[in-house]
């Protein structure tokens, strides 16, 4: 009887350990969290009041067991919602130096429905979109980055590299007021971000949304320059304790408990506000636990 009890206890222990793994591999990555947020912008043009922006990122095409089924669902949801613009926060690829042509073909197939539906689509690049993960620019990066940018441009996805552009007015109707600007900041790794140069292209007092991949770029923005800043990169920690979002893989890697997604309470200059999207794909391991992939819609309001 004792041996049987021990065997049952061992089996129960194995099952208890296996269940979270099965959930993290086969269930959680496909539980898309579609969030609705409000965002207040000073000097928002009247035509933009109530309009929505869609945000997603971290597709990680090329990752083993890449979460492409959820990427397709996200694209379908955005297409059905028809926001005023779709914003992609980088990390299109996982290993830009390997099977680049195949990854680009997959990427084109995944994203084509958005610009094809007439949804203005903009993006910034992330660290995984570079073939070499160095903290500083590397001479081998240029051809790979150019190939990715060309592939996205051919679809109708505009990549912003430390630049600001006026967004087309919703419905194509101008009301004579100043436009809403979108600022796109380059990848923090490999040292391709220039927040001051990017934000400096926005006319004084104009409403703006700031898009970046790595939240670290947020710290380089002056006070009041980014009332709505959007980022990805963290995957929300990817693996975290239930009901304790501050205890995640992101915190463990940095030896300090802190949130890795949502509205971050600190880290920027006064008047700036940052939202971090959890992304769709994986990094290092194809597991999500307590941290489902995310698609975020922002309804714009006049501050």
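Quick notes on this structure:
- For the stretch 62-76, the tally of residues that are closer than 16 Å to residue 104 by Cα, touching a strand residue (DSSP E or B) at 6+ places or on another chain (Cβ under 9 Å) and at pLDDT 95 or above stands at 2.
- Residues that are in contact (Cβ under 8 Å) with a residue 40 or more places away in the chain and either within 17 Å of residue 231 (Cβ to Cβ) or surrounded by fewer than 16 Cβ atoms within 10 Å (Cβ to Cβ) (or both) within the stretch 172-182 comprise 173, 174, 175, 177, 178, 182, listed in sequence order.
- Residues within the stretch 72-94 that are outside any helix (DSSP H, G or I) and crowded, with 18+ Cβ neighbours inside 10 Å, tallied: 12
- Matching residues in the stretch 272-283 - criterion: being surrounded by 19 or more Cβ atoms within 10 Å (Cβ to Cβ) and under 15 Å from residue 233 (Cα atoms): 274, 275, 276, 277, 278, 279, 280, 281, 282
- Residue in the stretch 242-259 that is modelled with pLDDT of 90 or more and either in contact with a helix residue (DSSP H, G or I) (Cβ under 7 Å, 6 or more places away or on another chain) or under 17 Å from residue 30 (Cα atoms) (or both) present: no
- Selection from the stretch 111-133 of residues that are out of contact with any strand residue (DSSP E or B) (no Cβ under 7 Å at 6 or more places or on another chain), modelled with pLDDT of 95 or more and not in a loop (DSSP other than H, G, I, E, B): 113, 116
- Selection status of residue 107, surrounded by 15 or more Cβ atoms within 10 Å (Cβ to Cβ) and within 30 Å of residue 47 (Cα to Cα): no
- Of all the listed residues (80, 136, 154), the sole one being more than 19 Å from the chain's Cα centre (by Cα) and modelled with pLDDT under 95 is 136.
- Unique match (being touching a helix residue (DSSP H, G or I) at 6+ places or on another chain (Cβ under 7 Å), closer than 22 Å to residue 211 by Cα and not in a loop (DSSP other than H, G, I, E, B)) among 54, 69: 54
- Candidate set from the stretch 57-66 (those that are crowded, with 24+ Cβ neighbours inside 10 Å and assigned to a loop (DSSP other than H, G, I, E, B)); member that is nearest to the chain's Cα centre (by Cα): 57
Here's the yes/no breakdown for (1) at pLDDT 95 or above; (2) closer than 23 Å to residue 45 by Cα:
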{"site": "161", "(1), (2)": "yes, no"}
{"site": "176", "(1), (2)": "no, yes"}
{"site": "179", "(1), (2)": "no, yes"}
{"site": "191", "(1), (2)": "no, no"}
{"site": "200", "(1), (2)": "yes, yes"}
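- Look at (1) surrounded by 24 or more Cβ atoms within 10 Å (Cβ to Cβ); (2) under 19 Å from residue 128 (Cα atoms) and you find that residue 286 fails only one, number (1).
- Within the stretch 202-216, the residues that satisfy the criterion of being in a loop (DSSP other than H, G, I, E, B), in contact (Cβ under 8 Å) with a residue 12 or more places away in the chain and within 20 Å of residue 42 (Cβ to Cβ) are 202, 203, 205, 206, 207, 212.
The values are calculated or read from the model by the stated rules, or taken from the named source; none is laboratory data. Predicted, not measured: the structure shown is a model, and the values here were computed from it. Cβ: placed from backbone, ideal geometry, glycine included. Neighbour counts: every protein chain shown.
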